[in-house]
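Comments concern the structure below.
None of the figures in this text is laboratory data; all of them are computed from the coordinates on show. Predicted model only: the values in this text are computed from it and were never measured. All Cβ positions, glycine included, derive from the backbone under ideal geometry; neighbour counts span all protein chains shown.
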Amino acid sequence: MELIFPIESINPINTFYAAVARKDSEGKPNGGFQSENALSREDALRSITFWPAKGAFEEIVKGSIELNKYADFVILDRDIMTANESEILRTNVIKTISSGEIVFEIESDSSIEK
């Protein structure tokens, strides 16, 4: 997937949204930019996980959650695969795991915009 600046920032959630909705963070343009080029949510997720790993010849150890691969993933506060398009950009990372270790965890008393 090609990043088109300044449509979205370097943030995987914004990238996912732009790929699926073909809109910027303000929801423009109405109907999306060249919406016929929108990716499915599955392909958008692969575009920020498996495909970059494959492009770096690292798909044996990265890009998907499987036995004997690095455990690098995030836990989100909503399911971006089923959330309404308008909710995707409000998605927050609750926890980040890298090589099987928790490297970020939101404090339980933190307020997250829902």
Tally Lys/Arg at +1 and Asp/Glu at -1 over every other residue whose Cβ is under 12 Å from the Cβ of residue 70; what's the total?
-3
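What share of Cα pairs, in percent, lie more than 17 angstrom apart in the chain?
Working: 3879 of 6441 pairs.
When every Cα pair of the chain is considered, 60 percent fall beyond 17 Å.
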Where the centre of each part is set by its Cα atoms, how far does segment 77-111 sit from segment 32-55, in angstrom?
19 Å
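Based on the Cβ-Cβ distance from residue 66 to residue 105, what FRET efficiency comes out when R0 is 22 Å, to the nearest 0.05?
0.40
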Would you work out which of 34, 74, 53 lies farthest towards the positive end of the dipole of the chain, given +1 charges on the beta-carbon of Lys and Arg and -1 on that of Asp and Glu, about the Cα centre?
34
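When a/c reaches 1.5 or more, the comparison of a/b and b/c decides; with that in mind, is segment 48-114 rounded, prolate or oblate per its Cα gyration tensor?
Details: a/c = 3.14, a/b = 1.53, b/c = 2.05.
Cα axes put segment 48-114 in the oblate bin.
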Within segment 12-105, what is the number of lysine pairs with alpha carbons under 23 Å apart, leaving out pairs fewer than eight places apart on the same chain?
4
Residue of 54, 23, 62 that the Gaussian network model of the chain assigns the largest fluctuation, springs spanning Cα pairs under 10 Å
54
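Which longest uninterrupted range of the chain lacks any chymotrypsin sites (Phe, Trp or Tyr not before Pro) assigned by DSSP to a loop state (not H, G, I, E or B) and surrounded by at most 16 other Cβ atoms within 10 Å?
Working: sites that count: 33, 57, 70.
Looking at the chain, 71-114 is the longest stretch - no exposed chymotrypsin sites (Phe, Trp or Tyr not before Pro) with at most 16 other Cβ atoms within 10 Å.
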